Amino acid sequence: MSPSPSRPLQLGSVVWAELEDPNGYRKVRPGVVVTPTADIHAGKPVRVVAITTRLPNPLPDDYVLLPWDRQGKARSGLRRRCAAVASWQAEIPVNAVQEMVGILPPQAIGELLTKISAALPPLSATPAPTLPPADPAAPPSSAPPGATLPAAGDGQGGDSSGQSA
């Protein structure tokens, strides 16, 4: 079942699309749409999390077991025991979705989104600014970062430690 006006993609849709694995190998595999439904628009990419049937024992923390049924009766449309891998994400164009086979139940989506937020920072995250290394010879300061303390003997008062009473 391809995405259509009657069955548009949404958060939690289980789809088949060509995805790249961590080794760079591309193949058609299942995935879960994790882009919020309101942000899914034609011509814009959607974020998906890959689904795998290779389940290590014990299951890693970033894996979420998904509902399945051998006859395809589960709402997910999945027919084998499998898991979504929160750390294995890809951004694909909406038109790259080859088939939509089902949807995950709310509790599986919630667990997956929680693990995604724990596994990777959001795309828009910017690294925290790095401060220059402190001078190990300088005395400790109780001033907030970026504040300048008056130097001793500059006529501004203060003691030789640079701290005021």
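A few points about this structure:
Residue-by-condition table, conditions (1) at pLDDT below 95; (2) small (Gly, Ala, Ser); (3) touching a helix residue (DSSP H, G or I) at 6+ places or on another chain (Cβ under 7 Å):
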| position | (1), (2), (3) |
| --- | --- |
| 9 | yes, no, yes |
| 12 | no, yes, yes |
| 26 | yes, no, no |
| 35 | no, no, no |
| 46 | no, no, yes |
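- Considering residues of segment 10-49 that are crowded, with 21+ Cβ neighbours inside 10 Å and among the small types (Gly, Ala, Ser) only, the residue nearest to residue 89 (Cα to Cα): 31
- Leading residue by the ranking (nearest to residue 24 (Cα to Cα)) among those in segment 73-88 that are without any contact (Cβ under 8 Å) to a residue 60 or more places away in the chain, touching a Leu at 6+ places or on another chain (Cβ under 8 Å) and not basic (Lys, Arg): 87
- Residue that is among the hydrophobic types (A, V, I, L, M, F, W, C), modelled with pLDDT under 95 and touching a helix residue (DSSP H, G or I) at 6+ places or on another chain (Cβ under 9 Å), where the choices are 40, 103: 40
- Matching residues in segment 55-85 - criterion: being closer than 19 Å to residue 119 by Cα and of a type in the set (D, E, K, R): 61, 62
- Total residues in segment 66-100 satisfying the condition of being part of a strand (DSSP E or B), over 21 Å from residue 23 (Cβ atoms) and in contact with a helix residue (DSSP H, G or I) (Cβ under 8 Å, 6 or more places away or on another chain): the figure is 0.
The values are calculated or read from the model by the stated rules, or taken from the named source; none is laboratory data. Computed from a prediction, not measured in an experiment: that's the story for all the values here. Please note: Cβ atoms are built from the backbone with ideal geometry, for glycine as well, and neighbour counts cover all protein chains shown.
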